[in-house]
């Protein structure tokens, strides 16, 4: 029997933990034309949550069409325009004949090229030459509104991994073009998914940024401990195994309700269990969890400068006054300017976050390994 726990891919079916209140808010926003940014630290289940919400919206309304675009592999603004165009058309048209007709109507000014794929009936690629894009950026960005008007359907465009777009060298020039075009559209709603870090937060909240007030921000919280515990108990039971509530609670607490790690930790525990999960199995599974992610943890630390590593050690030691002379000497933090720069870097990399009580680690397994490696 296969493990009931999933990680490393979008959660589906019984592996998806409902977030009913947040789902209702997102669906209500998008159907009402309110652009929404779904933001949280990495691997908290944002993409699964949004995909499930959009699937429900599309199922409930025949007059609604959803286009989902993953920006993970985008390296240039030209690639963005090409992917944006291709995914929009693929969301509406499944054959080359229907595609050619609508392109002639809506996108004739930039002369896209259609290349057949292996299945010539419905597999195709749309290419835009860079020389045809220049000067027509607004025309391309306005494509969703023209598609909505042409088909009589409302469109929701979902852009995942948006922080990757914000890292582009030309994003400073690209951002105002995007916001100016999209905020004028009446029949299109935008759902932006991005990891929580200082750059992304400032992008949508700082008055100096073009995306200021472009969208309502939906901060995705962690799934509650009780929901996780019940999910784990039910999943073990469904596959003929058992885990007690205290043991399931300990599992969830050890990884601080982190969605990715709850699934991964429960998966290892399930594999090692014949009948009932014991504390010794839970300990062995946690060791396996750490070993599985060890290469990533080591690579992260090896890429840091001594002062950056010193700052993480200071955070792990619950230091508060990072720029005090004693702290800068004790942890090798360098100058106050170095401390400020490194704090911003650690936040951009999603290693730590600022809270009212100081900086805390975002990755509970990395934190556990880091403390054992550098503090003990």
When only C-alpha pairs under 8 Å and at least 6 residues apart count, what is the relative contact order of region 225-299, in percent?
28
Please compute the contact order of region 304-374 in relative form: average sequence separation of alpha-carbon pairs under 8 Å and at least six residues apart, divided by the residue count, as a percent.
29
How far, in degrees from 0 to 90, does helix 259-272 lean away from the longest principal axis of the Cα atoms of the chain, to the nearest 10?
60
Computed log₁₀ I(q)/I(0) - Debye formula, equal Cα scatterers, no solvent, the chain, q 0.09, 0.14 Å⁻¹
-0.64, -1.23
Suppose the Debye formula is applied to equal point scatterers at every Cα of region 290-334; what is log10 I(q)/I(0) at q = 0.19 Å⁻¹?
-0.60
If you average the sequence gap of Cα pairs under 8 Å that are 6 or more apart and divide by the length of the chain, what percent do you get for the contact order?
19
Using alpha-carbon coordinates, inclination of helix 46-60 to the longest axis of the chain, degrees
40
P(r) of region 27-94 over all Cα-Cα pairs, 5 Å bins starting at 0, rounded to whole percent, reads 3, 13, 20, 23, 23, 14, 4, 0
Compute the distance from the alpha-carbon center of region 313-376 to that of region 216-295, in whole Å.
28
Rg over Rh of region 333-376, using C-alpha atoms and the Kirkwood radius, what does it come to?
1.01
Provide Rg over Rh for region 225-299; use the alpha carbon set for both Rg and the Kirkwood Rh (inverse mean inverse pair distance).
0.97
On each of the three principal axes the extent of the alpha-carbon atoms of region 304-374, given in whole Å and largest first, is 30, 23, 23
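Read-outs: derived from the displayed coordinates by stated rules, not from any lab. Small disclaimer: the values here were computed from a predicted structure and weren't measured.
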